[in-house]
1. Are there chymotrypsin sites (Phe, Trp or Tyr not before Pro) in segment 28-109 that DSSP puts in a loop and that have at most 14 other Cβ atoms within 10 Å, and which ones?
2. Could you work out which residue, out of Ala98, Ala114, Ala78, moves most in a Gaussian network model of the chain, that is, has the largest mean-square fluctuation with Cα springs under 10 Å?
3. Once fully extended, how much extra length lies between Asn65 and Ile28, figured as 0.36 nm per residue of separation less the alpha-carbon to alpha-carbon distance?
4. Find out how many positive minus negative residues lie around Pro152, taking Lys and Arg as positive, Asp and Glu as negative, among other residues whose Cβ is under 15 Å from that of Pro152.
5. When DSSP beta bridges are limited to those with both residues in segment 20-160, what percentage is antiparallel, rounded to the nearest 5?
6. Which FRET efficiency value, to the nearest 0.05, is calculated for Asn54 and Ile4 with the Förster distance at 41 angstrom and r the Cβ-Cβ distance?
7. What are the extents of the Cα atoms of the chain along their three principal axes, listed from largest to smallest and rounded to whole Å?
8. Which entries of Lys12/Lys43; Lys125/Lys161; Lys92/Lys162 have Cα-Cα distances beyond 20 Å here?
Amino acid sequence: MELIKKEITLKKYSSIDDLSSEEKNLLIKAREAIKTAYAPYSKFHVGCAVLLQNDEIVLGSNQENSAYPSGLCAERVAIFSAGANFPNQAVKMMAITAQSDDYPVTRPIASCGACLQSISEYEMKFNSPIQFILQGENGDIYTAESVKSFLPFTFFLNELKK
Ligand code: THU
């Protein structure tokens, strides 16, 4: 028997002013994206901003539906939109933030497993890590160097090949 250990390292910042100007700008864009969320059921509004290699920023927000599972998280709305509109641009960075109608979101929110799997596909497509910036509506900010920090064992394209 052998133990397999995967370490994850996140950086924690207490102020947006401690981020690089590129990171700070992207987090502000994610905050703006919250305003376009359609979340009448959960009342939990998520904004996501995706920075591409060509410096384009693509925004996404969660879009819910009365047939609940038909809705989509902000991260997948954003990354699929980036993939559809800029298919040849590697993804450099993603910022994600959230706000609730019911309570203050004072901690960063982690992306769900389905979003992480979807995002990891784009890391593999371009063979280039995607940096993460996470924050609630205020409070600490977490950054990570790659989606692998949150999903170390992603399902990989090669598994589909014989
Ligand atoms: N949601 C996101 O958009 N991103 C996440 O990382 C977690 C959850 C959305 C889905 C749903 O519209 C609402 O938040 C509550 O789960």
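1. Passing both the DSSP loop test and the Cβ count: Tyr41.
2. Ala114
3. 10.7 nm is the gain from fully extending Asn65 to Ile28.
4. 0
5. So the antiparallel bridges in segment 20-160 amount to around 75 percent.
6. According to the calculation, E is roughly 0.65.
7. That gives 47, 39, 39 Å along the principal axes, largest extent first.
8. On the way: Lys12/Lys43 27 Å; Lys125/Lys161 16 Å; Lys92/Lys162 31 Å.
Too far apart for the 20 Å limit: Lys12/Lys43; Lys92/Lys162.
Readers should treat all values here as calculations from the given coordinates under stated rules, not as data from a laboratory. Quick caveat: nothing in here was measured; it's all calculated off a predicted structure. Neighbour counts are summed over all protein chains in view; Cβ atoms, including those assigned to glycine, are modelled from backbone coordinates with ideal geometry.
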